[in-house]
Amino acid sequence: MCEKPVTIDPADAWDIDATAKRVGKELIIAFGWNYLPMMRQAKELMEKHGIGNLEHLTIHMSSMTRELLTNTGAYPDATPESLPEQKTWTDPKISGGGYGQAQLTHALGMGLWITGARAESGFALMSSPMNAPVEMHDAISYRFEGGAIGSVSGGSSHVLAHKKYHALELRAIGDDGQILLDLERAAVWLYHKGENIRLELGDDDGYYDCQGPIDALVAAGKGQKFTNYSPGELGARSVEALDIAYRSAASGKLEHRK
């Protein structure tokens with residue numbers, strides 16, 4: 001198992017993935033959302049019906065990282081007895097960045113998994129209010145393989161706002177249909193060739209936990225059958241997308257995948 005964001009350099013991420021495949025092992029990335037029942041059902045809908053060729057993808061995320069990324073407090077969901085050093089998050093030489101590396105990696109791990117998309121190029125804007133040493137907010141425009149375009153945005157939200165947990169929403173449009181995923185409001189709605197399919201979900205079915213990757217790792221260790229919903233190649237695709245974004249924010253130009 002490898003914690004997100006896997007690596008900072010895409011070449012390293014692909015090397016780890018290739019190594020796992022070479023030795024015949026599963027590489028599990030800690031993308032917990034992919035293991036939630038509602039997400040597995042959404043993936044099944046995409047595999048059964050799909051939306052055709054991807055044309056447009058939008059992903060938005062916000063999470064309670066204002067204090068974490070400004071060195072003024074801890075992440076609200078952190079376990080007090082196992083807090084990492086603050087510089088793990090806010091020293092860019094170690095973390096590779098701020099909100100993108102800390103949180104958008106989750107959003108990309110979900111969105112690129114559901115759609116199968118791979119970033120080809122992108123332009124990013126990032127901001128660091130509150131004298132933050134790393135960026136707190138990200139706005140990224142991407143072009144994906146196959147010609148689709150899209151945007152990925154992320155922001156550090158206030159702790160007590162709304163339901164007090166992550167907001168994560170995806171909308172994807174293809175030539176045969178489209179899909180809406182909303183983790184905060186617990187909604188999955190797929191349209192395909194004239195048919196609307198909407199899952200019946202509970203209000204908290206999108207609440208994040210990372211039990212799924214742990215269960216997968218335990219199953220792998222026991223030699224039991226399991227499904228890897230967060231494979232190494234997905235992690236590498238998410239690293240590629242973030243690498244494009246950070247290079248673009250630094251250069252002020254459209255950057256391409258290495």
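Just a few scattered comments:
- Region 54-74, subset buried (at least 19 other Cβ atoms within 10 Å of the Cβ) and of a type in the set (S, T, Y), residue modelled with the highest pLDDT: S62
- Residues within region 106-141 that are in a strand (DSSP E or B) and surrounded by fewer than 24 Cβ atoms within 10 Å (Cβ to Cβ), tallied: 9
- Remark: pairs (first residue in region 220-242, under 22 Å from G111 (Cα atoms); second residue hydroxyl-bearing (S, T, Y) and surrounded by 23 or more Cβ atoms within 10 Å (Cβ to Cβ); Cβ separation under 6 Å; 6+ apart in sequence or on different chains) = S238/T105.
- Residue under evaluation G154, criteria (1) free of Cβ contacts under 8 Å to residues at least 24 places away in the same chain; (2) surrounded by 17 or more Cβ atoms within 10 Å (Cβ to Cβ), criterion not met: (1)
- Scanning region 162-215 for residues that are acidic (D, E) and either on the phi > 0 side of the Ramachandran plot or in contact with a Lys or Arg (Cβ under 7 Å, 6 or more places away or on another chain) (or both) yields D176, E184.
- Helices (runs of 4 or more DSSP H) enclosed by region 1-87 - at least 2 residues per element that are under 22 Å from P213 (Cβ atoms) and not charged (D, E, K, R): 10-22, 37-48
- Cβ pairs under 9 Å, 6+ apart, first in region 86-104 and at positive phi and surrounded by 24 or more Cβ atoms within 10 Å (Cβ to Cβ), second modelled with pLDDT under 90 and of a type outside the set (A, V, I, L, M): none
- Of residues in region 164-194 being in contact (Cβ under 8 Å) with a residue 12 or more places away in the chain and exposed (fewer than 13 other Cβ atoms within 10 Å of the Cβ), the one farthest from the chain's Cα centre (by Cα): K193
- Candidate set: region 199-258, residues that are assigned to a helix (DSSP H, G or I) and hydroxyl-bearing (S, T, Y); chosen: the one farthest from K25 (Cα to Cα): S251
- Residue in region 13-24 that is surrounded by the most Cβ atoms within 10 Å (Cβ to Cβ), counting only those that are in contact with a helix residue (DSSP H, G or I) (Cβ under 8 Å, 6 or more places away or on another chain) and not basic (K, R): A13
- Flag for I8 being surrounded by fewer than 21 Cβ atoms within 10 Å (Cβ to Cβ), closer than 28 Å to H256 by Cα, in contact with a Gly (Cβ under 7 Å, 6 or more places away or on another chain) and aliphatic (A, V, I, L, M): yes
Okay, residues lined up against (1) touching a strand residue (DSSP E or B) at 6+ places or on another chain (Cβ under 9 Å); (2) surrounded by fewer than 18 Cβ atoms within 10 Å (Cβ to Cβ); (3) closer than 23 Å to L168 by Cβ; (4) in contact (Cβ under 8 Å) with a residue 60 or more places away in the chain:
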{"residue": "E26", "(1), (2), (3), (4)": "yes, yes, no, yes"}
{"residue": "F31", "(1), (2), (3), (4)": "no, no, yes, yes"}
{"residue": "E44", "(1), (2), (3), (4)": "no, yes, yes, no"}
{"residue": "E47", "(1), (2), (3), (4)": "no, yes, yes, no"}
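The values are calculated or read from the model by the stated rules, or taken from the named source; none is laboratory data. Quantities reported herein were computed from a predicted structural model and do not represent experimental measurements. Neighbour counts are summed over all protein chains in view; Cβ atoms, including those assigned to glycine, are modelled from backbone coordinates with ideal geometry.
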